[in-house]
Amino acid sequence: MSAAAETMPGMSATLRPMVSDLHVEPLVDPDLWGRPIQDERYAILARP
């Protein structure tokens, strides 16, 4: 994986040509992790 794809905009740009629909949902709610988080976390939903 390239360094550009290691960021969410880079990952989205990498996936976009391969799918018909792409949605990125930030997962920032601390309740999801049981504690506050300091990094970026996302769910990527894509359809072929």
Tabulated pairs, the range 5-24, first hydroxyl-bearing (Ser, Thr, Tyr), second surrounded by 14 or more Cβ atoms within 10 Å (Cβ to Cβ) and not in a helix (DSSP H, G or I), C-beta under 7 angstrom, 6+ apart or interchain:
Ser12/Leu22; Ser12/Val24
By residue number, the members of the range 29-48 that are of a type in the set (Asp, Glu) and either assigned to a helix (DSSP H, G or I) or at pLDDT below 95 (or both) are Asp31, Asp39, Glu40
Within the range 6-28, how many residues turn out to be touching a helix residue (DSSP H, G or I) at 6+ places or on another chain (Cβ under 7 Å) and either closer than 21 Å to Gln38 by Cα or at pLDDT 95 or above (or both)?
4
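The values are calculated or read from the model by the stated rules, or taken from the named source; none is laboratory data. Just so you know, these numbers come straight off a predicted model, no measurement behind them. Positions of Cβ are backbone-derived with ideal geometry, glycine not excepted, and every protein chain shown enters the neighbour counts.
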